[in-house]
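Student: After the structure tokens below, expect a handful of questions from me.
The values are calculated or read from the model by the stated rules, or taken from the named source; none is laboratory data. Just so it is clear, the structure is predicted and the values come from calculations on it, not from any experiment. Don't worry about glycine lacking a Cβ; one is built from the backbone with ideal geometry, like all the others, and counts go over all protein chains shown. With ligands, DNA and RNA removed, areas are computed over all heavy atoms of the protein, side chains included. Shrake-Rupley method; radii C 1.70, N 1.55, O 1.52, S 1.80 Å.
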Amino acid sequence: MSGGDMAKPLLGHWSTDGDPSITPAAGRTIGVLGSGDFARSLAIRLVCSGFKVVVGSRNPKRKAGLFPSAAEVTFQADAVKKTDVIFVAVFREHYSTLCDLADVLAGKILVDVSNNTEINHHKESNAEYLASLFPACTVVKGFNVVSAWTLQSGARDGNKQVLICSNNQEAKRIVAEIAQVMGFTPVDMGCMSSACEIENIPLRLLPAWKIPIFLALGLFLCFFTYNLIRQVVHPYIREQKNKLYKIPIEVVNTTLPCVAYVMLSLVYLPGVLAACSQLYYGTKYRRFPDWLDQWLQHRKQIGLLSFFCAALHAVYSLCLPMRRSHRYQLIEMAVKQAMEKKMNIWVEEEVWRMEIYISVGIIALGLLSLLAITSLPSIANSLNWREFSFIQSTLGFIALVISTLHTLTYGWSRAFDENQYKFYLPPTYTLTLLVPCTVILAKIIFVLPCIQHRLLRIRRGWEKGRYVKFVRPSTTGEYSSGETSSNV
């Protein structure tokens, strides 16, 4: 079966007549109970993998056209009799309709691929419920974390892992071999008690992203409120000027780089805190606090959100000259210049500041793009550990330094201008410099030979206060053993 055929929509008509490439290779016969999209995609994938497939349906004549011609579509009872491994691709509420087949199913391996609509919707998992209905069968939970699209398009798309659990080791081995032949990676999750956890996995919405997203939203809300007070509320109270038009573009565009910059620094701050903990306790074997451990695990998501905000900032900045308010301001400046008979308003310092500011910002965005791309599993898997570490650690820190230069260039000397302190509040960019500068300073300290050497020894297993045995030569040429403290 060609790769182009595998990419056809699920609801499209499938026909393999006249295609010699789909003739199934001699191998195990697999049964599939059900005729929905998932059952159809499963049958297609099995046929492409060289299995003989028998599909059991309550209406085989009507459903036969949905399956490849290489698969046999028959009644459920007939399909069960022809195979020992059967994929049960029906919903939990329809399990009871299979009870009439209990005698024929005895001794068979049933692979439950179902999912629920809610997390922990039932007291027992679907696989355990199926096992209770058919005690004479061996039930294996698997393939529920793989989508119908992934099955139909092959393991080249989507997640390649297939989570499997069962109380029978032999049944798990057989299902795992089937998954491997289909191009997936089977993962043994243990006994049947793990089925509930496996069934909850497809229902979780971005579990690793919740904390980073809430962090980004919190930072955005704080900086947005701060900028709103400075750019809108202050001129309205002090000068009675209506600046509400700035909210959709200018205030948002001032907020986005602040969030991106701080989020990028938060990617490397937990590494600094972890290094400080190891230096303080003199060991790498002491567990980090739970909050720091969670922080370390979410660095990838925090970095990707930083890149997202930076990309939005770039797009918003490109749109600034397109605003009608900006055109009005340009016309107003031109009229004012003409009335004052100014022939030249060129300010060399401002020109250089903006040129450097934009150039450095483009470089920073390019490095963030590289970090984001190499965070993708398909790209990361093509890199060895040294390459991945160099990009994510070294180039990531360089991106933080360049982002700091971008921020400093934006501020230039305006941080010392008293007119910039509205309501006695400092400019926003000065607040964003606190965390990144702390990280950069700490990284510079860690590069010092005395600190770097001690930290390297700790990460290689050295512990403060631990006594180790060593062997030394005596004056007679013989060797004698002794003890010394490892912190000497």
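Student: Only bridges with both residues in the range 29-203 count here: give the DSSP antiparallel percent, nearest 5.
Tutor: Bridges in the range 29-203 are about 5 percent antiparallel.
Student: Looking at [x] 24.6, 82; [y] 32.1, 101; [z] 22.8, 75, which value of Rg and Dmax of the Cα atoms in Å comes from a calculation on the structure shown?
Tutor: Calculated Rg and Dmax of the Cα atoms in Å: the matching label is [y].
Student: If the only charges are +1 at each Lys and Arg Cβ and -1 at each Asp and Glu Cβ, what is the size of the charge dipole of the chain around the Cα centre, to the nearest 20 debye?
Tutor: Once rounded to the nearest 20, the dipole reads 960 debye.
Student: Residues of the chain: accessible area per residue at 1.4 Å, in Å²?
Tutor: It amounts to 56 Å² per residue over the chain.
Student: Additional query: Within the range 326-393, which chymotrypsin sites (Phe, Trp or Tyr not before Pro) sit in a loop by DSSP and count at most 13 neighbouring Cβ atoms inside 10 Å?
Tutor: Here the chymotrypsin sites (Phe, Trp or Tyr not before Pro) that fit, given the DSSP loop and packing criteria, are TRP346.
Student: May I ask you to list the trypsin sites (Lys or Arg not before Pro) in the range 122-156 that are in a DSSP loop and have at most 13 other Cβ atoms within 10 Å of their Cβ?
Tutor: LYS123, ARG156
Student: Counting only protein heavy atoms and using a 1.4 Å probe, what share of the accessible area of the range 349-460 belongs to carbon plus sulfur, as a whole percent?
Tutor: Accessible surface attributable to carbon and sulfur in the range 349-460 totals 68 percent.
Student: Whose amide H sits under 5 Å from the amide H of VAL187, counting only residues 5 or more places off or on another chain, with H placed in the peptide plane?
Tutor: Under 5 Å from the amide H of VAL187 lie the amide H atoms of VAL162, LEU163, ILE164, each far enough along the sequence or on another chain.
Student: Accessible area of the range 87-179 with a 1.4 Å probe: how many percent of it is carbon plus sulfur?
Tutor: Here it works out to 49 percent.
Student: Starting from the Cα gyration tensor of the range 182-272, take the square roots of the eigenvalues, sort them a ≥ b ≥ c, and report rounded, prolate or oblate (rounded when a/c is under 1.5, otherwise prolate if a/b is larger than b/c, else oblate).
Tutor: Here the range 182-272 falls in the prolate category.
Student: Roughly how tilted is helix 434-447, in degrees to the nearest 10 and between 0 and 90, from the longest Cα axis of the chain?
Tutor: 80
Student: Label the range 29-203 by shape, choosing from rounded, prolate and oblate, from the square roots a ≥ b ≥ c of the eigenvalues of the Cα gyration tensor; if a/c is under 1.5 it is rounded, and otherwise prolate applies when a/b is larger than b/c, oblate when it is not.
Tutor: It comes out rounded by the Cα gyration axes.
Student: Pop a pseudo-label 7 angstrom from the Cα along the beta-carbon direction at both SER132 and LYS422 and give the gap in nm to one decimal.
Tutor: Here the answer is 6.4 nm between the modelled labels.
Student: With axes computed from alpha carbons, what is the tilt in degrees of helix 324-339 against the longest principal axis of the chain, rounded to the nearest 10 within 0 to 90?
Tutor: 20
Student: Ok, one more. Over the chain, what is the percentage of antiparallel beta bridges among all DSSP beta bridges, to the nearest 5?
Tutor: Here the share of antiparallel DSSP bridges comes out near 25 percent.
Student: Does the range 209-460 come out rounded, prolate or oblate by the C-alpha gyration tensor, with a ≥ b ≥ c the root eigenvalues, rounded set by a/c under 1.5 and, if not, prolate when a/b is larger than b/c and oblate if not?
Tutor: It is prolate, given that a/c is not under 1.5 and a/b is the larger ratio.
Student: Of the chain, which part is the longest with no GluC sites (Glu not before Pro) in a loop (DSSP not H, G, I, E, B) and with at most 14 other C-beta atoms within 10 angstrom?
Tutor: Longest site-free region, per DSSP loop and neighbour criteria: 125-339.
Student: For the range 227-326, run through the chymotrypsin sites (Phe, Trp or Tyr not before Pro) and keep only the ones in DSSP coil with at most 11 other Cβ atoms within 10 Å of their Cβ.
Tutor: Taking the range 227-326 and a limit of 11 other Cβ atoms within 10 Å, the loop chymotrypsin sites (Phe, Trp or Tyr not before Pro) found are TYR285.
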